[in-house]
Amino acid sequence: MKTANLKRKNSLSYIDLFAGAGGLSEGFIRNGFEPIIHVEMNVDACYTLKTRLAYHYLKDNNQLDIYVSYLKGEISRANLYENLPTDLLDSILNLKIDEGNLKYIYKQIDKNLKLRKFKKVDLLIGGPPCQAYSLIGRHGIDWDNDERVKLYKLYGKILAKYKPSMFVFENVPGIVSANKGEYFNDLRNYYDKLGYDVDYQILKAEEFGVLQSRRRVIIIGSLKTKKLAYPEFPKEIERYTVADIFHDLEVLKPGDSISVGKYKKQASEYQIKYNVRNVLDFYTQHISRPHNINDLAIYKIVQDKWNNENHRLKYNDLPNRLRTQNNVSSFLDRFKVVDMNGLSHTLVAHIAKDGHYYIHPTQVRSISVREAARLQSFPDDYFFEGSRTAAFTQIGNAVPPLMSAVLAKKIKEILWVK
């Protein structure tokens, strides 16, 4: 059987749990880490992970033309995957992480460790679904019985099984104060009992080059025997704006879709520095959702207020004829323009439901799939499988690859020393 044989000299192995579309994993692959297993319950995200592994494998083997043919629609996804080793495809597990699936997950991890000639797992990464910990999602949460708030223990069982030198646990800042802080204290105590020193910081994505105001809790644990300190991450001080990533895409009307498009302007300094326009001379998935007449009228008013007066319009400021909701005393921040001359506000998975909170700064529509991906720092060679809605969900839930790449580089330095 042909195997991936991805192991490079001095490479480090890792497992990615709750992998999503691979934003966290991407940074580690870029820094020479070798994925043993990605576990993700969403089927579209799993196909995205497979397609991204196809990109890396084909690029490493000087066969990127096959990947390009797939993006251009010249070959099917099945044709693309035919060019990949079976064990590489099998390393993506489309499974829910629960007690019933743990034995199978262990079996696949052990199998791939042997195939890739690794003696152990060096690192565990992942971020359990964060809805239960977010400020928005706390209402109605049963802290004693909701299975989502116990996922850290399943993460911990895999941690205890393989005892990697370090782990990275990513989540929303709300996890720290959820259930009056008791939940986070339980989490830290649990990992402490497993033999790990645990620390965390709330990191700002914009300090890693991401053009988005985004806060993330990054919990890092290391085996107590290693005596490792929480890494100090370098901060990006140059300031770019959303204009640096929106300028070269074709103008869209609501409902327009460009599957494969040519850049209309030269790459910006930002795009060159951060490899947004990487190995391709085209972009994909510039897809805009349709909007009704009422929403378009609202978008135009909200845009004018922001662009001309630098004012964020509230729902109760709208003319009565445009209001479709009776509630004008709460949730007033329902429509928001992405700031072209600064950072975007935080991109979340709700963008899959509607685009009201992510209105394009100059075109009367919500942002496209490719624009959302760029705000999350995904390069243009990153392809999201599934429908438009599925792509938005994956992007909104992702860890920005620019952020994960900095984390990975620093963790790699630490693990090589130790």
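No value in this document is a laboratory result; all are computed from the given coordinates. Please read these numbers as outputs of a predicted model, since none were measured by experiment. Using ideal geometry, Cβ is built from the backbone for each residue, glycine included, and neighbour counts are taken over all protein chains shown.
Couple of notes before you dig in:
- Calculated mean residue ellipticity, 222 nm, the chain: -10000 deg cm²/dmol, from DSSP H runs (n ≥ 4) at -39500 (n - 2.57) each, averaged per residue and rounded to 500.
- The ranking of SER288, SER25 by Cβ neighbour count inside 10 Å, starting from the fewest, reads SER288, SER25.
- Here the contact order of the stretch 243-397, divided by its residue count and restricted to Cα pairs under 8 Å and six or more residues apart, works out to 27 percent.
- Option label - percent of Cα pairs over 40 Å apart computed here, alternatives (i) 17; (ii) 36; (iii) 13: (i)
- Fraction of antiparallel bridges per DSSP, the chain only, in percent to nearest 5: 55 percent
- Global form of the stretch 243-397, assessed from the alpha-carbon gyration tensor, a/c cut-off 1.5: prolate
- Sorted ascending by nearby beta carbons within 10 Å, beginning with the fewest, ARG312, ARG289 become ARG312, ARG289.
- For the stretch 26-72, the square roots of the Cα gyration tensor eigenvalues, ordered a ≥ b ≥ c, give a/c of at least 1.5 with a/b no greater than b/c, which places it in the oblate category.
- Once both labels are positioned 7 Å from their Cα atoms along Cα-to-Cβ, the gap between VAL279 and ASP199 label points is 3.7 nm.
- In this structure, ASP333 and ASP90 have a Cβ-Cβ separation that, at R0 = 60 Å, corresponds to a calculated FRET efficiency of about 0.85.
- Cβ crowding within 10 Å, taken as a proxy for footprinting-reagent exposure, orders VAL198, VAL251 from fewest neighbours to most as VAL251, VAL198.
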